[in-house]
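Asks: Structure incoming, see below.
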Amino acid sequence: MTEKADRRAFLKKAGVAGATAVAASSVFRAPRAFANKTIHWQMATTWPAGQSILHEAVERFAGRVNSMTEGRLKIAVVPSDNQKLGPKDVFGAVSTGKMELASSVSFYQTESIPASQWFASVPYGMNAQGMNAWLYSGGGLKLWEDVYAPYRVLPRPFGNTGVEMGGWFKKKLNHVEDFKGLRMRMPGLGGKVIEKAGATPVSLMGNEIYQALKTGEIDAAEWIGPLHDMEMGLHRAAKYYYYPGWHEPGACIELLINADAYKALPEALQQMVDAAAAETNLWTLCEFESRNFTALATLVKEHGISVQRFPDSVLTSFREISEKVLEEASRKDALSRKVHEAYHAFAVGKRNWDEISERPYYDFIDSKPKDLRRWLLPDNPY
């Protein structure tokens, strides 16, 4: 190669390298330029400040978004006790853009959006593992997005309570007839089930339950599970604690995002919000699973609570009633029918798989009868 040709080759390479450097610098300058602009969002909740797990999860989410975006997106959390919004108002605040985000539960939208309740929890339906499988991998989340799309709200799974407890009762239960005339705090589809059994479902906010149960305004109440029930003091208002939580076998908490605010974000920040929500979903369930069994042991050992299993006759009757309630709810509108059928189809498939996977496994390891009270004591963990 001649000296002249050598020089031409060098200049050609240098030109390519220079162009590449310019392109790279433009790519990397964009985030730096955007980093100078801080976006501020507000996040409403249906949880009071300091509430274990539920409010912790919201604060943790806000912190994770701030960290992941390097301060480009800051979220100010506004807990329920610091805002003039009731649980049923939170969705509207996000829909109108008054708030960019909210943490809630979809059954609060039942009156205006009947199809929403399947995304919270269904009596005798899927547990947390099944709900997550349906939402993330079975088309459930896309369906949920379609349900909320007319309101310009994007939903995301934001946690799960796991299988809840069945509630606190002042008297022991022997038959389904014992529910006749009973006044019980139980919202959602579960409340409709006990109503058909002759009980009167009462809608109360969380901070109203203890006083109502203590004074006899209501005869029974369900809230969440051992940790939150104990923190609320429900064990001081009723003695009998029933399981399983047939009405909410896996209550899914929702993150509500204003669709316009979300779409205005750069794609990278959108993905960070989604990633933080998914992380929060996992963290919340793990916290519930970890803290509930410890709290239950405390209720039994230190407070002498009587943990009771619902009689088989009650569980059987409620299951039959639940099927009728769900069928009626699915006839509210075409969208409810579509969601119900999709949920049911996935739940059946998941249950069929469980029959040859998880059930045989647990049947085997649980074949030795256990005394529940002894099992709950620290010196006999199994």
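Asks: Inside the range 139-208, counting only strands (runs of 3 or more DSSP E) that do not spill past its ends, which hold 3 or more residues that are open to solvent by less than 40 Å² (accessible area, probe 1.4 Å), at pLDDT below 95 and within 25 Å of K350 (Cβ to Cβ)? Walk me through it before giving the result.
Replies: Numbers: elements: 153-160, 167-169, 183-185, 200-202.
Per the criteria, no element qualifies.
Asks: Could we say that G125 is open to solvent by 10 Å² or more (accessible area, probe 1.4 Å) and within 30 Å of V300 (Cα to Cα) here?
Replies: Working: open to solvent by 10 Å² or more (accessible area, probe 1.4 Å): yes; within 30 Å of V300 (Cα to Cα): yes.
So G125 fits the description; yes.
Asks: Can I ask one more? Filter the range 91-106 for residues that are assigned to a helix (DSSP H, G or I) and surrounded by fewer than 24 Cβ atoms within 10 Å (Cβ to Cβ) and give the result. Walk me through it before giving the result.
Replies: So the first thing to find is which residues in the range 91-106 are assigned to a helix (DSSP H, G or I), and the list is 91-95, 106.
G92, A93, S95, listed by residue number.
Asks: While we're here: Please enumerate the residues belonging to the range 106-134 that are among the β-branched types (V, I, T) and closer than 20 Å to A347 by Cα. Give the derivation first.
Replies: Of the range 106-134, the ones among the β-branched types (V, I, T) are 110, 113, 122.
Result: V122, single match.
Asks: Show me the helices (runs of 4 or more DSSP H) found entirely inside the range 273-382 where at least 2 residues are out of contact with any strand residue (DSSP E or B) (no Cβ under 6 Å at 6 or more places or on another chain), of a type outside the set (V, I, T) and at pLDDT 95 or above. Write out each step before concluding.
Replies: On the way: elements: 312-330, 334-356, 358-365, 372-376.
In the range 273-382, 312-330, 334-356 are the helices (runs of 4 or more DSSP H) which contain 2 or more residues that are out of contact with any strand residue (DSSP E or B) (no Cβ under 6 Å at 6 or more places or on another chain), of a type outside the set (V, I, T) and at pLDDT 95 or above.
Asks: Sticking with this structure for a sec: Count, please, the residues in the range 69-114 that happen to be of a type in the set (S, T, Y) and free of Cβ contacts under 8 Å to residues at least 24 places away in the same chain.
Replies: Initial filter on the range 69-114 (of a type in the set (S, T, Y)): 69, 80, 95-96, 103-104, 106, 108, 110, 112.
The next check asks that each one be free of Cβ contacts under 8 Å to residues at least 24 places away in the same chain; those that pass are 96, 112.
Here the count works out to 2.
Asks: Turning to a different aspect of this structure: Can you name the residue in the range 238-261 that is open to solvent by 20 Å² or more (accessible area, probe 1.4 Å) and among the hydroxyl-bearing types (S, T, Y) and, of all such residues, is farthest from A102 (Cα to Cα)?
Replies: Y240
Asks: Filter the range 209-237 down to the residues that are open to solvent by 80 Å² or more (accessible area, probe 1.4 Å) and either within 20 Å of N292 (Cβ to Cβ) or not in a loop (DSSP other than H, G, I, E, B) (or both) and list them by number. Give the derivation first.
Replies: Here is the first cut: in the range 209-237, the ones open to solvent by 80 Å² or more (accessible area, probe 1.4 Å) are 211, 214-215, 217, 231, 236.
Passing the criteria: Q211, K214, T215, E231, R236.
Asks: Report, ordered by the first and then the second residue, all pairs with beta carbons closer than 6 Å, sequence separation of six or more or different chains, a first member in the range 265-279 that is on the phi < 0 side of the Ramachandran plot, and a second member that is assigned to a helix (DSSP H, G or I) and charged (D, E, K, R).
Replies: Partner pairs satisfying both residue conditions: A276/R64.
The values are calculated or read from the model by the stated rules, or taken from the named source; none is laboratory data. As the structure is a prediction and not an experimental result, all values here were calculated from the model. Quick reminder, even Gly has a Cβ in these numbers, built from the backbone with ideal geometry, and neighbours come from all protein chains shown. Ligands, DNA and RNA are excluded from the accessible area calculation, which covers all protein heavy atoms including side chains. Shrake-Rupley method; radii C 1.70, N 1.55, O 1.52, S 1.80 Å.
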